[in-house]
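Below is one structure, written out as C-alpha cells; the observations come after it.
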Amino acid sequence: DLRTTYQQKLSELGNGTLSMLGQSFEIGETASFEWDHDTIVSYPPLWRLHLHALEPVNWLVCGYAVEDCPEEIVDTIRQFLQSWDENIVIGGTQYLRRDWIPHAVSLRVLRLCRLYAWLQDSLPTFADRVQRIAFKNALFLENHVEHDVGGNHLIENGAALLMAGSLFGEQGRRWRKKGISVLEKCAGDQFLADGGHFERSPMYHILVLQRYLTAVDLLLATGDDLPELIKQTAVDATRFLRSLTPPDERIPLLNDAAFDEFLPLTDCLRYAETVGIVTGSIGRRQQSLDPSGYHWLGNGENRVLVDGGPVGPSHLPGHSHNDMLSIMLWVNGARILTDTGAYDYVPDTTRTYVRGVQAHNTVQVGEYEPIPIGGQYLMGRRCTPQSRVSRDDSQDHFAGWYERREHLRSVYRHQRDILSGDGWWVVIDAVDGAPTETLTSNLHFHPEINLHPDGSDYRFQRTDAAASGVIRPLGTETVTRTTSPYFPRFGDRIERPVLRCRYDQTAGCTGFLITTEDDPDIDIESRPDDFVVTVQDQRHEFDRLVSKNDQQPST
C-alpha cells in the first residue's frame, strides 16, 4: 500500500534518514539539512532529481488526510521546506544541473501547490510560506520551459504552470495561459492515433495522462474554458491505458518503466472517472493498439502482449529499448514472461543491459543490437518494425518483422509469427541473412516462477500456485537455464529464471510453444506458405501474412 509506504518514509525522515529509490542518506536534523552536501553529488541523477523535486512533500500529501496527520510529521516537512527556502538560491554553482533543473522545478511547483491546498484551512501560516515558495518557482519555470527537451518534461512544465496559475488567481493568468498553450501543443505533437504517448513507456504514459486529467479537473473547477484538444487527449489517453491494462492490472514494464513511480494503473483510471473523463466515452477495450505497435493475443486471464511497433520518436529515444517483437505472458492472471524494467539512468553496464536486446523476450543475433545504443539515452540508426494481426472467433495470428541495416545495407532480417488459440501460443522465428551462427531466443520469467525441465519441455509454476504451464522449445541446438536481473522498481534488483534457446539454423521450424496445459497434445508444422497447428486432433491453418518477398505491411 503506497500510503503506508509514504507514512513509513516520513517517519524515517523525522528520525534523520531520507530514503528514496533503494538508497538512503543520513541528513541528521531536518532543519539543518545540507542540500549540496558532497555525498549527494555522488548519488544517481534520478535520486537527486527526486530530492530537488521535494519528494517528501508528495509523501505527506498522498500519505495522510490533513486531519489524521501527526503534528510531528507536519513539523518535519515544515523544517524540510524551511531549510530549502533558506539555502537554495538561483545562480549557484551548476544550479541548472542541480537544484534548478526545470524538470525538478515543475515537480516542485505541482507538489507545493497541492501542499498549499492541503494546509490552507488548517495551518494558514505554514500555507502562506508554501505559497510564497511556489510563486518563486513558478516565476523561474515561466522563463525555463523545456522546449529543447520536449517529451514528458514539456508536459510537466505545462501542467505546473497551469496549476500555479490556478493557485494565484488573476495574478497567475499569464501562467494559466502559457500552461494551456504548452499542453495543447504537446497534445498535437506527442500522442499517437491510438492515444498512446509517443515515448512508448507505460510508466510515462500514466505520468502524462495524470497531468492532462489534472488540467481538465483544474479548468473545470476554476470555470475556465476547457480546450477540446486537451479534453480529447485525456479521453484518448485513458482509452489507451484501459486497452493496455494486463490481467493483473499493473503496467507492463515496457521500455523505461518501473512500478510505484507514479499513480498505479487502476488509480489513474479511477482518477479519470473522478474528473468525468471516462463516463460514456471509453467503450470496448481494443485488442490491438496499432500506432503504438502493441497487440494482445488471447483472452481474459490468459494473454500475450507483443511489441510489434517502433521505438520512441526519432528525436527522443532516451526511454527506448531494443525490444522489437518481444512478448510478455500472463496465465490465469499472473505474470509469467516479463520485460526487464529499469534500474536507474546512470550510464553504466546495467543501463546498457536494460536497453539491450538480451534483456527482452525476443531473438538476439550474435552480438548485434537491432539498434546501436549510445550512452544512457542515445540510439543509432533506427529500424522500423512492421506488424499486423488477423483474427477470427477462435484464433489470432500476429506477423511482424524488422530489418537491421548498417551502411545502407541489410545485415539481417528477423520475422516473428505468433499463433494464438485457447490457452496456447506458438512463436515461430525466422532470421534471414544473419552474419553469425549464434541465434538466441531469450525467455525471461517472473521471479516467482519455478522452472524445471521435463524431457524436451520446461514446466513453469508460480510459487503461489496461481498459474502453471509448459514451454516447449522448437528447433533448438541447446537450451540453457540460467538467471537474469529484473528491475521492477528503480533501485531494486531481483534475480529471475531465464531460458536461452540457441536456434539450429537448419531446423525447419524454430521458436517455442507455450501452453497452459500440463500434458499438451499439440503438433506444429511450418511450411513455406503456411503453418499448421494441430491441437487434440483439431487442425488450425495459418497463412504466412508476411514473407521476405513482401512489401512492408502497414502497421
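Numerical summary
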read-out	value
Out-of-range pairs (alpha-carbon distance over 23 Å; input 177/231; 136/231; 9/136)	136/231; 9/136
Sorted largest first, extent of region 417-555 alpha carbons per principal axis (Å)	45, 39, 32
Dipole magnitude (debye, nearest 20) for region 444-555, charges at Cβ of Lys, Arg, Asp, Glu	700 debye
Cβ-based charge dipole, the chain, positive-most Cα from 103, 24, 414	103
Calculated [θ] (222 nm, deg cm²/dmol) that DSSP helices of n ≥ 4 give over the chain, each run adding -39,500 (n - 2.57)	-10000 deg cm²/dmol
Prolate/oblate/rounded label for region 311-440 (Cα gyration tensor, a/c 1.5)	oblate
Chain lengthening between residue 367 and residue 482 when straightened (0.36 nm per residue, less Cα-Cα)	39.5 nm
Descending principal axes extents, region 142-289, alpha-carbon based, whole Å	47, 34, 27
Extension gain, residue 394 back to residue 38 (0.36 nm per residue minus Cα-Cα distance, nm)	122.0 nm
0 to 90° range, to nearest 10: angle between helix 124-142 axis and the chain longest Cα axis	60 degrees
Listed residues 423, 485, 471: farthest to the positive end of the dipole of region 406-555 (Cβ charges)	485
Inter-label distance, nm, simple model (7 Å from Cα along the C-beta direction), residue 8/residue 506	5.6 nm
Given charges at beta-carbon only (K, R positive; D, E negative), |dipole| of region 263-375 in Debye	320 debye
Per-residue SASA entry for residue 240, accessible area with 1.4 Å probe, Å² rounded to 10	10 Å²
Spin-label model distance (nm) - residue 539 vs residue 85, 7 Å beyond Cα toward Cβ	7.9 nm
Highest to lowest packing among 36-44, 250-258, 115-123, scored as the average C-beta count within 10 Å	250-258, 115-123, 36-44
Magnitude of the charge dipole, the chain, Cβ model with Lys/Arg +1 and Asp/Glu -1, debye to 20	1420 debye
Per residue Cα convex hull volume in Å³ - calculated over region 54-137	82 Å³
Full-extension gain in nm, residue 71 to residue 450, via 0.36 nm per residue minus C-alpha separation	131.7 nm
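The values are calculated or read from the model by the stated rules, or taken from the named source; none is laboratory data. Small disclaimer: the values here were computed from a predicted structure and weren't measured. Using ideal geometry, Cβ is built from the backbone for each residue, glycine included, and neighbour counts are taken over all protein chains shown. Note: accessible area is taken over every heavy atom of the protein model, side chains too, but ligands, DNA and RNA are not part of it. Shrake-Rupley method; radii C 1.70, N 1.55, O 1.52, S 1.80 Å.
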